[in-house]
Structure formats: C-alpha cells, structure tokens
Amino acid sequence: MKRLFLKTALAVLLAGCGLAEAQTTPIKLRFSHSGAEGDSQHIAALEFAKRVKDRSHGAIEVQVYPNSALGNDGTALASVRGGTIDMSMSGNPYFTGLVPKLNALDLPYEFTSAQQVYKVLDGAVGRALLDELGAFQFKGLAFWEVGFRSLANSKRPIAKAEDIKGLKLRTTPNPAHLKAFQLLGASPQPMAYAEVFPALESGAIDGHENPPIIMYASKMYEVQKYLSMTRHAYTAMPLVMNKARFEGLSSEHQKIVLDEAVAAARFQREYNAKHEVEVIAQLRAKGMQVIEQPDVAGIKAVVQAETRKLYIEKNGDAVLKAIESVQ
C-alpha cells in the first residue's frame, strides 16, 4: 500500500509538472508583412509584439517577419486565410477583391485630411468594413497605414497632370487607381511591392506611387530621380488575423491583441507624421528632386469624378456618404 501511495503521488506530481509546463508555454503568433525593416510598418509591428508580450506577461509571443519573408502580399493573405500564417497586414487594395466596398478608402482625393481618415477608420465606418472580412476567415484587428501616396519616377519632374502622360507606373490592383492613371494617360501596371525595385532597376516600369517614408526605407532613391508630392490617394493597411486562431484565444487574450493592434496603429501614424519632413530631406540628400507643390487641383480635376462614378456604379454611395459625414 505504501508503494502504491508513493507511485500515485509521484504520478500526480509529474502530471502537475507537465500541466505547469504546458501553461507556461507561450502562444506564438507568426506575423508577416512586406515592408522593409526600416519602414514604419516593421517598427510598429515590433512595438505591437513587445506590447502584446508585456501585457500578456509573456503568454503571447508575436514573431514578426518583414520583407515578404513568408510570401508577398497576396501569398501571405492566402496563408492567413488558410491558417498557416497567423497574422498579416497589406495595403487595402489586396482586400477589395473580397470586400469591394473597401475600395471607397482608396478613391483619389476622397479624404481632406489625416484627421478625417483616422476618425473614419477608427470609428463605426472602419469597424463595419473590418467586420465584413470575417466572412473570408479573417479577423480584422485594426487599420494601420500605407499613408498618402505621392508619385516618383525616373523620367521627368511631375508638376502638372500632363507630365504624367506616357509613364509606365506600378500601382496597386485597386480599380480606382488603375482608372485614375489611365485617365492621366499613364500605363498603370499592378504588381506586388516586392517586385517593384527590380522592375524599376531594369526599366520595366518608370515609376511608382507610395508615401516618401516607404520610398526611403526601400531605397527607391537608387532607381528613382523625381518625387512629386501629389498625395493623390490615401491607402489604409488592414491588420488581420486568422479568424479561427483569434477565436481560439481566451477572451482576455483576444482583448489584448485587439487593444494593442489599435494602439500600434496610432503609434505608426504618429511615427509617420513625425518623420515625413525628415525623410523628404533625406531623399533630397540622396539625389532625388522633390516637387513640393505640384498642381494637385489639375490632377484632381482629371481623376476624381470619374473614379468616384466607377465606385458608385458597383457599390452604391452609402460608404462614401458615411465617410464624407465625418469631418
């Protein structure tokens, strides 16, 4: 009986040790994105990972993979849907094939200020759009940002709408972006961001459009001579998680992930705003010619009405009215 008692006690003790070990094993979440390591996307992702780990007392570890290490934007999002990657963020146009209403966020000159953008994305309009991704195995966590896009190229300065004619430009796959550059007489060519630098280097395309901070982090000054601050469209960057993986977390851990995703969005926006002037100066120092005040009104006159009409024909105007009611 004594031996039996000792054996039973030992078994209970070992089982308890195993349980304790299982309880202290962290939940590991793989987070993929296409940004360079010096880009605000990656800096914010690291901040997000740190805050989630700290707040969960080490129970959740977010492992960040930049530079399309786990696949380009489209591949990574497919992997999140399939559950082989836990989290990813990509520019809004990569989601609009699933939820076409999201195209409203990308329309040329739709937003009048960054403040309006953030009120929309962080409010009821943004949450409703993120929730629609749930039908496609995504949990929409928050809107991070690509930011306001400007135009860079290797051919000539862009001071007015007519200067864009004839350029081969990498754009997003968003119908509004394609239509806008077609209206301007350019040849828009959508491609994954990981392919843009070599395409510029080889001369397959003449230019692309992105915020200056992304251009600098990706060393686009090595293959681009001219930057024009057209700020022609804002691009949001939904941060998404595999829906089943999210729902498998405890309610406490779900709240931590959601809260810190929103906090990291604010962190990234503030970082971008703080560093834009500095980055433009650095691009100049690297040899880029910067047109600070192109004829935005002239570009807007060519593209805004037609791209808006295209959106309304396909999706109605409810989302646009909701956006424009926010000031």
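Across segment 268-301, the qualifying residues are those that are among the acidic types (Asp, Glu) and more than 24 Å from Asp122 (Cβ to Cβ), and the one among them that is surrounded by the most Cβ atoms within 10 Å (Cβ to Cβ) is Asp295.
Just give me the residues in segment 76-100 being polar (S, T, N, Q) and either surrounded by 23 or more Cβ atoms within 10 Å (Cβ to Cβ) or at pLDDT below 95 (or both), in sequence order.
Of everything in segment 76-100, those that are polar (S, T, N, Q) and either surrounded by 23 or more Cβ atoms within 10 Å (Cβ to Cβ) or at pLDDT below 95 (or both) turn out to be Ser88, Ser90, Asn92, Thr96.
When restricted to residues that are over 17 Å from Ser90 (Cβ atoms) and outside any helix (DSSP H, G or I), segment 116-143 contains 1. Figure legend. Inter-residue proximity from segment 84-96: first residues touching a residue at least 60 places away in the same chain (Cβ under 8 Å) and at negative phi, second residues assigned to a loop (DSSP other than H, G, I, E, B) and of a type in the set (Ser, Thr, Tyr), beta-carbon distance below 7 Å, spacing 6+ or different chains. Indicated pairs: Ser90/Ser34; Gly91/Thr172; Pro93/Thr172.
Thr230: polar (S, T, N, Q), touching a strand residue (DSSP E or B) at 6+ places or on another chain (Cβ under 8 Å) and closer than 22 Å to Lys119 by Cβ, yes or no? No, not satisfied. Restricting attention to segment 64-113, the residues that are in a loop (DSSP other than H, G, I, E, B) and more than 14 Å from the chain's Cα centre (by Cα) add up to 17. Note on segment 275-327: residues that are touching a strand residue (DSSP E or B) at 6+ places or on another chain (Cβ under 9 Å), more than 20 Å from Leu107 (Cβ to Cβ) and charged (D, E, K, R) total 3. Those residues that are surrounded by fewer than 16 Cβ atoms within 10 Å (Cβ to Cβ), over 15 Å from Glu145 (Cβ atoms) and not β-branched (Val, Ile, Thr), I need them from segment 109-126; list them, please. Residues satisfying the conditions are Gly123, Ala124.
The values are calculated or read from the model by the stated rules, or taken from the named source; none is laboratory data. Given the structure is predicted, the values throughout are model-derived calculations rather than measurements. Cβ atoms come from the backbone with ideal geometry, glycine included; neighbour counts cover every protein chain shown.
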